[in-house]
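Structure first, then comments.
The values are calculated or read from the model by the stated rules, or taken from the named source; none is laboratory data. Since the model is a prediction, treat every value here as computed from it, not as a measurement. Reconstructed Cβ throughout: ideal geometry from the backbone, glycine too, with neighbour counts over all protein chains shown. Calculation scope for accessible area: heavy atoms of the full protein, side chains included, ligands and nucleic acids excluded. Shrake-Rupley method; radii C 1.70, N 1.55, O 1.52, S 1.80 Å.
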Amino acid sequence: MAEPLLQVRDLEVGFATAQGEARAVRGLGFELEAGQTLGIVGESGSGKSQTALALLGLQARQARIGGSVRFEGRELLGLGEREWNKVRGNRIGLVFQDPMTSLNPYLSIGAQMAEVLVQHRGLGQAAALAECARMLDAVRIADAAARLRQYPHEFSGGMRQRVLIASALLCRPSLLIADEPTTALDVTVQAEILALLRQLQEDLGLALLLISHDLDVVAEVCERVLVMYAGRAVESGAAARLLTAPRHPYTAGLLASRPRLDAPLGEPLRPIPGQPPDPARLPSGCAFRPRCPAALPVCASEVPALRTLEAGRACACHAPLPG
């Protein structure tokens, strides 16, 4: 049986603090096959972005990294910077969450994009710019050749995000990681970017790892979903099933807190009470216990294991909700 494109096992990301080690990611594991889409969701501080940074070797220097990240049959954790540079931007593309600050305002769009191909493919400047123009066409930016001579301030937020997506795809990576790619965009532009990601993923056969706090965004694009809380996976499964019949109380809380167009006018939102825990001061047992409406006595002493409930569905809860 062929090895998955991406295989993460027991991933740990920790930081030393005055209060002790802050465990941003704790024993995380998942797989992603070639051409598949996986969404990682959770509140701010759940460990989503730290996971993405660890997958690309971009974590802070003081971070402690453990576990295993295998990509295309190769272990990535422990690579030197020279080897990482052959992976980042080449085999794995990354789209950052803020198109307003991810581009250098002093360099033209063409200069920034062409550098990717010069560094990773050894192309000359003219050939690199020609390929950049073709990729801007692919992400539906009109008059691409002229646009390459312009600067980031001459582009709207949605167009800047298209530029970042085009840059991430220049080397035809097999995996694209998109970290909150629509957070800074209005709803109309967000829909356009999601449709673009979905179309590019299908056209190019990419595997897509989408990181978001927005369940509606994930539902729009992803086949499978992994829900994180306090650095751990608490539920995973097929998107269609997980988002309509959650088994973990945290997933159910996230879904219930979304605003709904069909809700009666004036009906208040139902937020999850409390706040996510400090990663340096996690509560005993289940980290979600202080906020959980279904907590049991055992939740205070035992960390629930992520266990399989049915084919393709797993949940880390002592008393999962009925499916």
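Here are the numbers for this structure:
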{"item": "Residue in the stretch 249-272 that is in contact (Cβ under 8 Å) with a residue 40 or more places away in the chain, open to solvent by 80 Å² or more (accessible area, probe 1.4 Å) and under 21 Å from the mean Cα position of the chain (by Cα) present", "result": "no"}
{"item": "Filter pass, residue 220 being open to solvent by 20 Å² or more (accessible area, probe 1.4 Å), of a type in the set (Asp, Glu), assigned to a helix (DSSP H, G or I) and without any contact (Cβ under 8 Å) to a residue 24 or more places away in the chain", "result": "no"}
{"item": "Selection from the stretch 106-145 of residues that are closer than 16 Å to residue 162 by Cα, in contact (Cβ under 8 Å) with a residue 40 or more places away in the chain and part of a loop (DSSP other than H, G, I, E, B)", "result": "108, 139, 140"}
{"item": "Failed criterion for residue 308 (all others in (1) in contact with a strand residue (DSSP E or B) (Cβ under 6 Å, 6 or more places away or on another chain); (2) outside any loop (DSSP other than H, G, I, E, B); (3) buried (at least 18 other Cβ atoms within 10 Å of the Cβ) hold)", "result": "(3)"}
{"item": "Residue in the stretch 65-79 that is open to solvent by 70 Å² or more (accessible area, probe 1.4 Å), in contact with a Pro (Cβ under 7 Å, 6 or more places away or on another chain) and under 29 Å from residue 215 (Cα atoms) present", "result": "no"}
{"item": "Filtered residues of the stretch 30-51 (kept if part of a strand (DSSP E or B) and surrounded by fewer than 17 Cβ atoms within 10 Å (Cβ to Cβ))", "result": "31"}
{"item": "Members of the stretch 165-199 that are at pLDDT 90 or above, farther than 19 Å from residue 224 by Cα and under 15 Å from the mean Cα position of the chain (by Cα)", "result": "165, 168"}
{"item": "Residue within the stretch 73-85 that is of a type in the set (Asp, Glu), in a loop (DSSP other than H, G, I, E, B), in contact with a strand residue (DSSP E or B) (Cβ under 8 Å, 6 or more places away or on another chain) and within 24 Å of residue 236 (Cβ to Cβ) present", "result": "no"}
{"item": "Residue in the stretch 145-156 that is within 25 Å of residue 217 (Cβ to Cβ) and among the basic types (Lys, Arg) present", "result": "no"}
{"item": "Residue, farthest from residue 96 (Cα to Cα), within the stretch 176-198, restricted to residues that are touching a residue at least 60 places away in the same chain (Cβ under 8 Å) and of a type in the set (Val, Ile, Thr)", "result": "183"}
